[in-house]
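Below is one structure, written out as structure tokens; comments come after it.
The values are calculated or read from the model by the stated rules, or taken from the named source; none is laboratory data. This is a predicted model, so every value here is computed, not measured. Virtual Cβ from ideal backbone geometry, glycine too; neighbours counted across all protein chains shown.
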Amino acid sequence: MKKLIRVLVFLFLLYVVYYDVAKGTLPTQTNAPVHETETAKRLPYQIIEIKAGDTLVSIVEQQQKGPLPVPIDTLIRDFESLNPGVKATALQIGKSYKIPVYRK
């Protein structure tokens, strides 16, 4: 009787692992359609290709030839509104992004 219970428990565990791998137990992420925001429509930008060592802050400081004219939170929010679906902390080398341009 103990053997039968062990076999059934083992088969149940195999089924649980198979179900988890095949279908998953977490809901899939659905992306809602992205609409262009008002900020993205009126904010001036420049398209820049990212090189090794570039950060969002360093790129804007190079454009300004000096320190940031806005707080970093504003810079990140503007960048993410110009580039929907892209995080400011996840820039990829070789890709081009819209970088906000600020007046001095």
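Taken over the range 1-56, the criterion of being among the small types (Gly, Ala, Ser), within 21 Å of LYS95 (Cα to Cα) and at pLDDT below 80 is satisfied by ALA40 alone. Figure legend. Inter-residue proximity from the range 63-74: first residues under 9 Å from TYR102 (Cα atoms), second residues loosely packed, with under 13 Cβ neighbours inside 10 Å and not polar (S, T, N, Q), beta-carbon distance below 8 Å, spacing 6+ or different chains. Indicated pairs: GLN64/LYS104; PRO69/ARG103; PRO69/LYS104. Of everything in the range 73-104 that is in a loop (DSSP other than H, G, I, E, B) and among the basic types (Lys, Arg), the residue that is farthest from LEU43 (Cα to Cα) is LYS95.
The C-beta contact set for the range 83-96 (first residue of a type in the set (Val, Ile, Thr), second residue surrounded by 11 or more Cβ atoms within 10 Å (Cβ to Cβ) and assigned to a loop (DSSP other than H, G, I, E, B), distance under 8 angstrom, 6+ apart or interchain) comprises ILE93/ILE50; ILE93/ASP54. Across the range 47-90, the qualifying residues are those that are polar (S, T, N, Q) and buried (at least 17 other Cβ atoms within 10 Å of the Cβ), and the one among them that is farthest from the chain's Cα centre (by Cα) is SER81.
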